[in-house]
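Engineer: This is the structure, below, for whatever I ask next.
The values are calculated or read from the model by the stated rules, or taken from the named source; none is laboratory data. All values derive from a computational prediction rather than experimental measurement. Every residue, glycine among them, receives a Cβ derived from its backbone with ideal geometry; neighbour counts consider all protein chains shown.
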Amino acid sequence: MTMPRRLVITVCFREAGVVVLPVERGERPRRLNARAIYGALNAVIARAGVGDRVWVREACAGGCSGTGPNVSVAIHSMPAPGARADQVAVGWKTYVYSLPTLDCLAQVIEDNLDEPSAPPRTRPVPSAPPRRPPAC
């Protein structure tokens, strides 16, 4: 069982540079600058049908002193049904300078969208009372 999350993925258009990798597993690698990453992530979101849980925005993603493109992910918990979503991140991950290490661009979403739930809690098994040493 997994705990559903919401993601806000940030891509900075000001960072120059390209990365060469497939958009999705099994595809041929292609050259992607920041604008192409933005468009490709939106296409992955649409194909996967997760637009209600994943958004891509253009803003600073960190790593401004080096060549990009760079991407960061803010992870939010899902609101209760009927409740308004908050903007308090419960986690984050940055792909500053590390995009080329991914198998594909879609991995940015795959690695962060769902978190394994905590193992079920169990009550401790009561232990037997300590044995008394034999009387002298």
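Engineer: Collect the residues in region 35-49 that are farther than 18 Å from Glu15 by Cβ and of a type in the set (Val, Ile, Thr), keeping them in residue-number order.
Structural biologist: Val44, Ile45
Engineer: May I pose another question? How many of the residues in region 1-53 are surrounded by 16 or more Cβ atoms within 10 Å (Cβ to Cβ), in contact (Cβ under 8 Å) with a residue 60 or more places away in the chain and not β-branched (Val, Ile, Thr)?
Structural biologist: Residues in region 1-53 being surrounded by 16 or more Cβ atoms within 10 Å (Cβ to Cβ), in contact (Cβ under 8 Å) with a residue 60 or more places away in the chain and not β-branched (Val, Ile, Thr): 10 in total.
Engineer: Do you know which of the residues in region 102-127 that are among the charged types (D, E, K, R) and at pLDDT 90 or above is nearest to Gly26 (Cα to Cα)?
Structural biologist: Looking at residues that are among the charged types (D, E, K, R) and at pLDDT 90 or above, I get Asp103.
Engineer: Right, another one. Among the residues of region 1-51 satisfying the criterion of being of a type in the set (S, T, N, Q) and part of a strand (DSSP E or B), which is farthest from Tyr95 (Cα to Cα)? Working first, answer last.
Structural biologist: Filtering region 1-51 down to residues of a type in the set (S, T, N, Q) leaves 2, 10, 33, 42.
Filter once more, keeping what is part of a strand (DSSP E or B): 2, 10.
Numbers: Thr2: 23, Thr10: 10 Å.
It comes out as Thr2.
Engineer: Could you list all residues from region 54-88 that are over 25 Å from Arg35 (Cβ atoms), touching a residue at least 12 places away in the same chain (Cβ under 8 Å) and surrounded by fewer than 16 Cβ atoms within 10 Å (Cβ to Cβ)?
Structural biologist: Matches in region 54-88: Met78, Ala85, Val88.
Engineer: Of the residues Ala61, Ala40, which single one is modelled with pLDDT of 90 or more and of a type in the set (Gly, Ala, Ser)? Let's see the steps before the verdict.
Structural biologist: On the way: Ala61 fails: modelled with pLDDT of 90 or more.
None of the other options fit; the residue is Ala40.
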